[in-house]
Amino acid sequence: MLRNAFLTLLSLAIAIGLGGGSVWYALNAQDGVGAIRIGQWTAFPEIGTQTADPYSKARVAREGVLALGRAEGLTFVAERDETGEPLKRQCAYTIEGSYPTARFWTLYAADQSLGVIGTGRARQAALQSYEVLRQPDNAVAISVGERPAPGNWLLTSGFGRMYFVLTFYDTPIASSTGLSDVTLPRILKAGCHA
């Protein structure tokens, strides 16, 4: 009898542990249920709609964010560079390429919680479409790192993992038909220190 009780408790502990672990993974993974991937960028287009999956709804509730509806915009998150390596604060990157049509877009460097990285300086780790310099073909090249760079520069500092969050507001790509022809900028590693 004691053996059966022990085996039952052990089975329950394993089931609860594995179930909780799988939910934790599903909520923290950038390639979760309902995700779309374009290059190194991942988005959840259904997250602000009533048809969002339960994991997306739980993600919004846990983070306390106001999710954009399908007609309002779309947010992409990158956690790896072009070679597939995780983004690190101690490395310098170049984000280059064209951006899809949108009334306005923002780009910022984020920590694990997808909040803007604190730089300890007056300059934030964020840029927006009205302040960037464009190339003749309308492409944008942004240098990311601790050292100032000419042109568009996104300040980052510290050590550890980093994410890039790119949000497009009032854009046709937010509709399901607009995502098929979208190309997003590439993330190229320029080097690392320490």
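The values are calculated or read from the model by the stated rules, or taken from the named source; none is laboratory data. Keep in mind it's a predicted model, so treat the numbers as computed, not measured. Cβ atoms come from the backbone with ideal geometry, glycine included; neighbour counts cover every protein chain shown. In case anyone asks, the SASA skips ligands and DNA or RNA and just uses the protein heavy atoms, side chains included. Shrake-Rupley method; radii C 1.70, N 1.55, O 1.52, S 1.80 Å.
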*For region 76-184, which trypsin sites (Lys or Arg not before Pro) are in a loop by DSSP, counting at most 15 other Cβ atoms within 10 Å?*
103, 121, 123, 134
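Contour minus end-to-end for residue 122 and residue 61, with contour as 0.36 nm per residue of separation and end-to-end as the Cα-Cα distance?
Net length gain for the segment: 18.9 nm.
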*Between residue 181 and residue 38, what is the label-to-label distance in nm when each label sits 7 Å out along the Cα-to-Cβ direction?*
1.2
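For residue 133 and residue 10, calculate 0.36 nm times their separation in residues minus their Cα-Cα distance, and state this gained length in nm to one decimal. Can you show the working numbers first?
On the way: separation 123, 0.36 × 123 = 44.28 nm, distance 6.07 nm.
That works out to 38.2 nm of additional length.
Tally up the carbon and sulfur contribution to the accessible surface of region 97-194 as a whole percent, 1.4 Å probe, everything protein left in place.
Values: 2700 of 5190 Å².
Carbon plus sulfur share of accessible area: 52 percent.
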*DSSP loop chymotrypsin sites (Phe, Trp or Tyr not before Pro) in region 104-194 with at most 11 other Cβ atoms within 10 Å of their Cβ, which ones?*
130, 159
